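Colleague: Dropping a structure here in structure tokens format, bear with me for questions.
The values are calculated or read from the model by the stated rules, or taken from the named source; none is laboratory data. Nothing here was measured: the structure is a model prediction, and the numbers come from that model. Cβ coordinates were reconstructed from backbone atoms using ideal geometry, including for glycine residues, and neighbour counts include every protein chain displayed.
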Amino acid sequence: MLYWLFRYFVCYRKQGSLKTTVANNKSALKRIEIAERNRVRNKTYKSAVKTLMKKYFDAVENYARQPSPESLQEVQTRMSEAYSKIDKAVKRRVLHANTGARKKSRLARVLKRVDAKTNPSSEESAAS
């Protein structure tokens with residue numbers, strides 16, 4: 001009975017430990033390993049994008065509370081970092097291009113709303 005079970009479950013390595021799978025040949029095992037490697041890589045990119053977006057939103061919130069040139073510079077720096085990481089994730093196909101564009105648009109929209117609240121005269125002069 002044990003031999004019959006083992007025959008259908010092939011083992012593969014996953015970061016130092018053995019895992020069982022139903023793969024029946026070497027190429028299927030390799031695809032499983034590659035998929036796991038890519039999953040971990042994609043997860044790190046997505047996590048970094050989320051972290052940088054949260055840092056950006058915190059910087060915008062600080063700028064909204066106390067507008068100053070230093071806090072605006074901090075916002076611009078955080079925005080640049082987030083844009084860069086989003087673009088890299090799109091380039092490596094971790095994120096779809098439309099998803100990257102939507103995230104970048106969301107970042108810009110938040111800053112535009114805060115700028116409109118802090119400098120209402122600049123919005124009116126830009127519109128005319």
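Colleague: When you check V94 against the structure, is it surrounded by 12 or more Cβ atoms within 10 Å (Cβ to Cβ), not in a helix (DSSP H, G or I) and not acidic (D, E), yes or no? Full working, then the answer.
Modeller: Numbers: surrounded by 12 or more Cβ atoms within 10 Å (Cβ to Cβ): yes; not in a helix (DSSP H, G or I): yes; not acidic (D, E): yes.
Criteria met by V94.
Colleague: In addition: Being charged (D, E, K, R) and either at pLDDT below 95 or on the phi > 0 side of the Ramachandran plot (or both) is the requirement here; does E61 meet it? Please lay out each step first, then the result.
Modeller: On the way: charged (D, E, K, R): yes; either at pLDDT below 95 or on the phi > 0 side of the Ramachandran plot (or both): no.
Taking the combined requirement at face value, the residue does not satisfy it.
Colleague: Taking only pairs six or more apart or across chains, which ones have beta-carbon atoms under 6 Å, a first residue in the range 61-79 that is free of Cβ contacts under 8 Å to residues at least 24 places away in the same chain, and a second residue that is assigned to a helix (DSSP H, G or I) and small (G, A, S)?
Modeller: N62/S71; E74/A59
Colleague: On to the next question. Only one of (1) within 27 Å of K91 (Cα to Cα); (2) of a type in the set (G, A, S); (3) touching a helix residue (DSSP H, G or I) at 6+ places or on another chain (Cβ under 7 Å) fails for S71. Which number is that?
Modeller: Against the list (1) within 27 Å of K91 (Cα to Cα); (2) of a type in the set (G, A, S); (3) touching a helix residue (DSSP H, G or I) at 6+ places or on another chain (Cβ under 7 Å), S71 comes up short only on (1).
Colleague: For the range 16-39, which residues satisfy the criterion of being loosely packed, with under 11 Cβ neighbours inside 10 Å and either modelled with pLDDT of 95 or more or not aliphatic (A, V, I, L, M) (or both)?
Modeller: Within the range 16-39, G16, S17, N25, K26, S27, R39 qualify.
Colleague: Yes or no: A89 without any contact (Cβ under 8 Å) to a residue 24 or more places away in the chain, in a helix (DSSP H, G or I), buried (at least 17 other Cβ atoms within 10 Å of the Cβ) and not acidic (D, E)?
Modeller: no
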